[in-house]
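Before any comments, here is the structure.
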Amino acid sequence: MKLYNSLTKNIEEIPKKDHLNLYTCGPTVYNYAHIGNLRAYVVADLLYRTLKYEGFSPKWVMNITDIDDKTIKGTIEKFGASASVENLREFTKFYLDEFLKDLAEVNVAAKDITFIRVTDVIPQIQDFIVGLINKGYAYKAEDGSTYFSIEKYQKDFGDYGQLVGEKFLEGKKIGARVKSDEYEKENLSDFALWKAHDEQDAQIFWDHPTLGKGRPGWHIECSVINQIAFNGEPADIHTGGVDLMFPHHTNEIAQSQALLGKGNFVKHWFHSEHLLVDGKKMAKRDGSFLTLKNFSEKIPLPGLALRYLFTQSGYRQQQNFTLESLLAAYKALEKIYNTVNAHKIIGENQELQKNIIDEYLARGGKNLETDLNIPGFVASLWEVFNYQAFNVHSQDEVVANFDKVLGLKLAQPPSILENIPLPVEVRELAELRNQARTGKDFAKSDEIRKQIEALGYEVMDTPEGQKLKKALKM
Ligand code: AMP
Ligand code: ZN
């Protein structure tokens, strides 16, 4: 199994051993996850499932950022100016639960993930920071906050910023300090490990004899959680979106190597590219900030349709989201479901064609092993359906195996009648018919009924409104 390593910029073999430590930077739980965030987690899940499929035994860990400027702000908005840590936990628990629901909808294997909330590991974070102070890599400044010294790190390790590029520090002035967690490459600075408490934080703080009243900065949590979760072993693979390379991952590397020594942190860095919406970066102000909830009325199984859509682009490529592309993804998925369901009846007494099955599995596997080529893998799935010499029972065998990686519920599609959602065209027509009836345009409503029937569905007008079901063929 080979993967691109964004630290070395090479495609490298992932060595086989008893177990594999997989770490994913998790969400900041102050709001709903947008579909770009979901791409990052679905890609990580495709990697997790691929590793299992390829015979690794991954242990998967994800942090939950429940303490930072944004979660504090949200908590104070909800609970007022004297909000406490307990209030913060309640505020963030809501968005954590929503996040878990989203993961379930896009079928990320969340039951296999060890989630660690930052507010559950504050003492370990404090110990880690004190360790850095003792080694001379951290210092308490006049403002009461504790910062990481890039100068000292660079003197000893000489690799600060390697994720961004070999010559990252060239021409840059070291020495300034930055308290906020996010900043541009141009404003390279000593960053806060422990932020001194101030009024803007209400009553949200932890006390510590050396560090004083305050709270952790963002970057330190992942260094600490890696250590806790993998019992001091380095992570074999660490994943996140490309935006995390600087400053977050750059600083994780510096903190961890400073305390644990060079090479004792992450072996392989895996970064996934961004999702754009209609060609642009997602932004709250222009309505392009989309969450799964935006689609629950428009399309059945939005989570699985989105997941299918994400399989259509390589993880190192940006992907452009449009509503049309999501509908097309849903239609493709529905086509596979219908095919597999039809096979269940036809294929009952067929023998498995072992040789052809093995050949197709090998073809799929090659795609996975070459830097997680999921689009190529899905293309081989479609080839399975189109290969005439294959009996359908054998096709299903391959599909069930491929679905161990894809996680699209292909082997057991949701049932057609009650639960299987209606095809998009039918739902769209039903919506139009509803509008016609509300406007008392019964001629139009009858005409649409005929169009729906032509697609193989029946409409019934009931006291609760119109109901649709699949017409039974006589
Ligand atoms: P955050 O909650 O902002 O820390 O982001 C959670 C994850 O989503 C991180 O791995 C980010 O890199 C990733 N991410 C943020 N925006 C996008 C986007 N537009 N497309 C893909 N991944 C994203
Ligand atoms: Zn992280």
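Nothing in this text is a laboratory measurement; each read-out follows from the coordinates by a stated rule. From a predicted model like this one, the values you see are computed outputs, not experimental measurements. Ideal geometry is used to build each Cβ from the backbone, glycine not excepted, and the neighbour counts take in all protein chains shown.
Listed values, structure above:
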{"read-out": "J(HN,Hα) series, region 92-107, from Karplus relation 6.51 cos²θ - 1.76 cosθ + 1.60, nearest Hz, glycine and proline x", "value": "6, 4, 4, 6, 5, 4, 4, 4, 5, 5, 4, 4, 5, 5, 8, 6"}
{"read-out": "Largest to smallest principal axis extent of the C-alpha atoms in region 277-406, angstrom", "value": "57, 33, 20"}
{"read-out": "At most 13 other Cβ within 10 Å, DSSP loop - trypsin sites (Lys or Arg not before Pro), region 207-286", "value": "Lys262, Lys281, Lys284, Arg285"}
{"read-out": "Cα-derived Rg over Rh, computed across region 10-272 with Rh taken as Kirkwood radius", "value": "0.95"}
{"read-out": "Per-selection metrics, region 62-194 (Cα): Rg and Dmax in Å", "value": "18.2, 48"}
{"read-out": "Viscosity 0.692 mPa s, 37 °C: Kirkwood-radius Stokes-Einstein D of region 1-105 over Cα pairs, µm²/s", "value": "207"}
{"read-out": "Using alpha carbons only: equivalent-ellipsoid semi-axes of region 82-132, gyration tensor based, whole Å", "value": "26, 18, 6"}
{"read-out": "In Hz, Karplus ³J(HN,Hα) per residue of region 354-369 (6.51, -1.76, 1.60; θ = phi - 60°; x = Gly, Pro)", "value": "4, 5, 5, 4, 4, 4, 5, 5, 5, 4, x, x, 4, 4, 5, 6"}
{"read-out": "Region 273-315, Cα convex hull volume normalised per residue, Å³", "value": "83"}
{"read-out": "Whole-Å semi-axes of region 49-121's equivalent ellipsoid (Cα gyration tensor)", "value": "31, 13, 8"}
{"read-out": "Region 424-470 pair-distance distribution - Cα-Cα, 5 Å bins, rounded %", "value": "5, 24, 38, 25, 8, 0"}
{"read-out": "Convex hull volume of region 178-294 per residue (C-alpha atoms, cubic angstrom)", "value": "180"}
{"read-out": "Modelled FRET efficiency - R0 56 Å, Phe385 with Glu90, Cβ distances, 0.05 increments", "value": "0.70"}
{"read-out": "For Cys222, Cys25, order by how many other beta-carbon atoms lie within 10 Å, fewest first", "value": "Cys25, Cys222"}
{"read-out": "Where N is the number of residues in the chain, Cα Rg divided by 2.2 N^0.38 Å", "value": "1.13"}
{"read-out": "Viscosity 1.306 mPa s, temperature 10 °C, Stokes-Einstein D of region 344-474 from Kirkwood C-alpha radius, µm²/s", "value": "89"}
{"read-out": "Mean ellipticity per residue at 222 nm, deg cm²/dmol - from DSSP H runs of n ≥ 4 across the chain, formula -39500 (n - 2.57)", "value": "-13500 deg cm²/dmol"}
{"read-out": "Residues of region 396-414 with amide N under 16 Å of the 7 Å Cα→Cβ point at Arg363", "value": "396-403"}
{"read-out": "Coil-residue GluC sites (Glu not before Pro) of region 277-341, DSSP, other Cβ within 10 Å capped at 13", "value": "Glu297"}
{"read-out": "Length-normalised contact order of the chain in % [C-alpha pairs under 8 Å, at least 6 apart]", "value": "16"}
{"read-out": "Cα centroid separation, region 1-73 to region 352-380 (Å)", "value": "23"}
{"read-out": "Proxy reagent accessibility, fewest Cβ within 10 Å first, across Ile204, Ile133", "value": "Ile133, Ile204"}
